[in-house]
Amino acid sequence: MSVFRHTALCFMAAAMMGLFTTSARADFVPGASIIDPGLPGTAEADVWTNASLTAGGNPGYGGFPGSAAWPAPIGSSQGGDAGLSKLSGAAYPGGSSIYFGGFSSAQNTLGGTLAVQDATPVAGLANVVFQIQIGEAFGYDFFDHALPVLSYNGGSQNLAATLSLVTDQVYNGEFASPTGPQPLYINTYLLQWDLSGIAGVNGFSIAFSGVQHSQIYALRLDQSDVYEPYAATAAVPEPASLALLGCGVAALFVKLRKRA
């Protein structure tokens, strides 16, 4: 690999670590990174496009700071009969997305808790894949970095996903911190649950909590009666992994320069 390519990789890793400013990706389209996972068997999909999560598509859901009760779950704009509900806290359909309102400027301040719920899943439910595109605020998207959890049949099992991936990450500006400017990202997560060992699932809920000022741009829920692990072929590394990549690339670049 050439020195020039190593240099480019080093710059990329440094940008992801916030060492200098990069521009937002020009071709960013809300929801574009949400994909059809192609589940086998008898499958069903619910999709919440960006337009279906805005104030224009949901009159009567309140405004800032978002503490008003929702009149009803927000149904998917494509697919089945699942709904997005507010369980607690402050969140509302804003001008461009679901916004977790509030007045705090501190990192990791709880905004609210939402859930995607389906009371009539496919018969013999064995496979659930959930995708969410969410924008960070002060370096956090989910409160405490806690990923969505699944419960079923009205219980509170709070099952962690069998598989969780960041499938897309878009630079979205930066925020001030005691150590200097830090990058913000819009992240697309894909989570999968293996329910093949649980008989008689007649309803389920996927709950998650966003920090104040985070935003949800799109959602997708897929389910089927056949479990097959999702093939993770294009996952985006976590920021910590990119930092390690940057250190390794920088060290290799120095080594190559010494040889030159």
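Quick notes on this one:
- Cβ-Cβ distances below 6 Å connect the following pairs, each with a first residue in the range 122-137 that is within 9 Å of Asp222 (Cα to Cα), a second residue that is open to solvent by 10 Å² or more (accessible area, probe 1.4 Å) and in a loop (DSSP other than H, G, I, E, B), and a separation of six or more residues or different chains: Asn127/Leu39; Asn127/Tyr227; Val129/Pro37; Gln131/Ile34.
- Among the numbered conditions (1) modelled with pLDDT of 95 or more; (2) within 18 Å of Ala218 (Cβ to Cβ); (3) not hydrophobic (A, V, I, L, M, F, W, C), the only one that Gln78 does not meet is (1).
- Here Leu219 fits the description: assigned to a strand (DSSP E or B) and within 12 Å of the chain's Cα centre (by Cα).
- When we screen Phe208, Phe253 for residues that are at pLDDT below 50 and not β-branched (Val, Ile, Thr), the only hit is Phe253.
For (1) surrounded by 19 or more Cβ atoms within 10 Å (Cβ to Cβ); (2) part of a strand (DSSP E or B); (3) among the β-branched types (Val, Ile, Thr), each residue gets a yes or a no:
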site: Ala161; (1), (2), (3): yes, no, no
site: Leu165; (1), (2), (3): no, yes, no
site: Gly173; (1), (2), (3): no, yes, no
site: Ser177; (1), (2), (3): no, no, no
site: Leu190; (1), (2), (3): yes, yes, no
site: Trp193; (1), (2), (3): yes, yes, no
site: Ser196; (1), (2), (3): no, no, no
site: Asn202; (1), (2), (3): no, no, no
site: Ser205; (1), (2), (3): yes, yes, no
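Yes/no matrix, rows are residues, columns are (1) of a type in the set (Ser, Thr, Tyr); (2) touching a Pro at 6+ places or on another chain (Cβ under 9 Å):
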residue	(1), (2)
Ser85	yes, yes
Gly124	no, no
Gln131	no, yes
Asn172	no, yes
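- Tally, over the range 179-188, of residues that are more than 22 Å from Leu221 (Cβ to Cβ) and assigned to a strand (DSSP E or B): 4
- Number of the exception - Ala232 against (1) within 24 Å of Pro37 (Cα to Cα); (2) modelled with pLDDT under 95; (3) open to solvent by 60 Å² or more (accessible area, probe 1.4 Å): (3)
- Residue pairs meeting the criteria (Cβ under 9 Å; at least 6 apart or on separate chains; first polar (S, T, N, Q), in the range 58-83; second open to solvent by 40 Å² or more (accessible area, probe 1.4 Å) and not in a loop (DSSP other than H, G, I, E, B)): Ser67/Gly89; Ser77/Ala51; Ser77/Gly57
- Tally of residues being surrounded by 14 or more Cβ atoms within 10 Å (Cβ to Cβ) and in contact with a Lys or Arg (Cβ under 9 Å, 6 or more places away or on another chain) across the range 24-67: 10
- Filter result for Ser96 (free of Cβ contacts under 8 Å to residues at least 60 places away in the same chain, within 19 Å of the chain's Cα centre (by Cα), surrounded by fewer than 19 Cβ atoms within 10 Å (Cβ to Cβ) and within 16 Å of Gly210 (Cβ to Cβ)): no
- Cβ-Cβ distances below 6 Å connect the following pairs, each with a first residue in the range 99-111 that is at positive phi and surrounded by 15 or more Cβ atoms within 10 Å (Cβ to Cβ), a second residue that is of a type in the set (Phe, Trp, Tyr) and not in a loop (DSSP other than H, G, I, E, B), and a separation of six or more residues or different chains: Asn108/Tyr140.
- When we screen Leu114, Leu84, Leu150, Leu125 for residues that are in contact with a Lys or Arg (Cβ under 7 Å, 6 or more places away or on another chain), within 26 Å of Val201 (Cβ to Cβ), buried (at least 20 other Cβ atoms within 10 Å of the Cβ) and aliphatic (A, V, I, L, M), the only hit is Leu114.
- Restricting attention to the range 128-147, the residues that are of a type in the set (A, V, I, L, M, F, W, C) and surrounded by fewer than 22 Cβ atoms within 10 Å (Cβ to Cβ) add up to 5.
The values are calculated or read from the model by the stated rules, or taken from the named source; none is laboratory data. It should be emphasised that the depicted structure is a prediction, and the values quoted were computed from it without experimental measurement. FYI the Cβ positions are ideal-geometry reconstructions off the backbone, even for glycines, and counts take in every protein chain you see. Side chains included, ligands, DNA and RNA excluded: accessible areas come from the protein's heavy atoms. Shrake-Rupley method; radii C 1.70, N 1.55, O 1.52, S 1.80 Å.
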